[in-house]
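Peer 1: Sharing a structure with you now.
The values are calculated or read from the model by the stated rules, or taken from the named source; none is laboratory data. Everything numeric in this text was worked out from a predicted model, so none of it was measured. Cβ: placed from backbone, ideal geometry, glycine included. Neighbour counts: every protein chain shown.
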Amino acid sequence: MKTFKLGNAKNPKNDIPIQDSSVSSEHLELWWDDKANLIIKDIGSKNGTKKNGIFIRQTDVKPNDKIEIGFNIFTGAELINKAIPFKYMGKVQFFDEFQAMKPFFEQYQKDSLKIKGTRSIKIQLFRSLIMLILLGAFYVFGTQLGIPPFFRFAISLLGGTLGFFLANKIFDEKTITDKLAILREEYSDKLKCPKCTYSLVSKDFLFWKNQRKCPKCQANWVK
Ligand SMILES: [Zn+2]
């Protein structure tokens, strides 16, 4: 198990430096166990380490834990985040892990197309309907008032155009943007660099495959 260290920033040997005098220069040793749990071990610090209010010597860290290192309070999630770059120390090839994301990329694309698709059909129907009603209404109205055909035609056209903009306003892009944002959030956990968790939701599988490497951590995705 490869270990790494968290401690006072004054000690250059610390992999995760903390700038605070309550943190000892040798404070915590950390590692990822074979079930991908983050383990921390106090290595004789002055102010100690607490998990959920209780002093510990060695313990695992879950996202919802409250970890006190010296007088610094971290959530488990914050500590896990700091430790992620050390999860795959030395490992550079992530072919299988990257390939395993393919079905999730495809499902994400399908789901977002579904949201976009229903929108455009609904909007087009609604727009056409409004335009037709207004065109007809203004034309008939114009006949009753005895307005000459040319003006009747112009007024109907104006009404139709107004209806078109009205429909755009009612069917604004917000709901669709919200839905896509929620979907993005759902998939952000699955579509990320297996090594450094760099988010990959913005582009499709083929795009990243052609990149071959993670732009952030340089992990190899493709042989
Ligand atoms: Zn990466």
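Peer 1: On the given criteria, is Lys66 in the same structural domain as Asn37 (by TED's automatic domain parsing) and in contact with a Phe, Trp or Tyr (Cβ under 9 Å, 6 or more places away or on another chain)?
Peer 2: Answer is yes for this residue.
Peer 1: Is one or more of the residues making up segment 153-173 within 16 Å of the ligand (Cβ to nearest atom), farther than 20 Å from Ile121 by Cβ and out of contact with any helix residue (DSSP H, G or I) (no Cβ under 6 Å at 6 or more places or on another chain)?
Peer 2: Looking for residues that are within 16 Å of the ligand (Cβ to nearest atom), farther than 20 Å from Ile121 by Cβ and out of contact with any helix residue (DSSP H, G or I) (no Cβ under 6 Å at 6 or more places or on another chain), one finds none in segment 153-173, hence no.
Peer 1: Check Tyr187 against each of (1) away from the ligand (no atom under 16 Å from the Cβ); (2) in a helix (DSSP H, G or I); (3) more than 24 Å from Ile80 (Cα to Cα); (4) not charged (D, E, K, R) and name the one condition it does not meet.
Peer 2: Checking Tyr187 against (1) away from the ligand (no atom under 16 Å from the Cβ); (2) in a helix (DSSP H, G or I); (3) more than 24 Å from Ile80 (Cα to Cα); (4) not charged (D, E, K, R), the one that fails is (3).
Peer 1: Might you check whether a residue that is touching a strand residue (DSSP E or B) at 6+ places or on another chain (Cβ under 8 Å) and either over 30 Å from Phe98 (Cα atoms) or aliphatic (A, V, I, L, M) (or both) occurs anywhere in segment 178-191?
Peer 2: Yes, some residue in segment 178-191 is touching a strand residue (DSSP E or B) at 6+ places or on another chain (Cβ under 8 Å) and either over 30 Å from Phe98 (Cα atoms) or aliphatic (A, V, I, L, M) (or both).
Peer 1: Here are Lys46, Lys41: which of them is more than 18 Å from Asn81 (Cβ to Cβ), over 31 Å from the mean Cα position of the chain (by Cα) and in a loop (DSSP other than H, G, I, E, B)?
Peer 2: Going through Lys46, Lys41 in turn, just one is more than 18 Å from Asn81 (Cβ to Cβ), over 31 Å from the mean Cα position of the chain (by Cα) and in a loop (DSSP other than H, G, I, E, B): Lys46.
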